[in-house]
Amino acid sequence: MQKNIDYYINDDGNYVFTEAYHLRRGFCCKNGCKHCPWRFAKSKTKNVNEQDNLDRNGN
């Protein structure tokens, strides 16, 4: 992998894969990657367990 071609490091220090990297890999990992060429988006709804934890903590 080559920096600035396959990935870059964002301001938070996270490695972010580029669209070119994803296309070369050839499939969607379904993790909601920022540069996903397949435009997969993670669901923004909370699952039941996450909501239960929030309710118990008073949030």
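The values are calculated or read from the model by the stated rules, or taken from the named source; none is laboratory data. Everything numeric in this text was worked out from a predicted model, so none of it was measured. Neighbour counts run over all protein chains shown; Cβ positions are idealised from the backbone, glycine included.
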* Hey, does the range 28-51 have a residue that's at pLDDT 90 or above and on the phi > 0 side of the Ramachandran plot? -> yes
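Just need a number here: residues in the range 12-30 that are among the acidic types (Asp, Glu) and over 18 Å from Ala41 (Cβ atoms).
Restricting attention to the range 12-30, the residues satisfying the condition of being among the acidic types (Asp, Glu) are 12, 19.
Filter once more, keeping what is over 18 Å from Ala41 (Cβ atoms): 12.
Counting residues in the range 12-30 that are among the acidic types (Asp, Glu) and over 18 Å from Ala41 (Cβ atoms) gives 1.
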* To do: Find all pairs meeting these conditions: Cβ atoms under 7 angstrom apart; at least six residues apart or on different chains; first residue within the range 12-33 and surrounded by 12 or more Cβ atoms within 10 Å (Cβ to Cβ); second residue among the charged types (D, E, K, R).
  => Val16/Lys34; Phe17/Asp6; Thr18/Asp6; Ala20/Asp6; Tyr21/Asp6; Gly32/Lys42
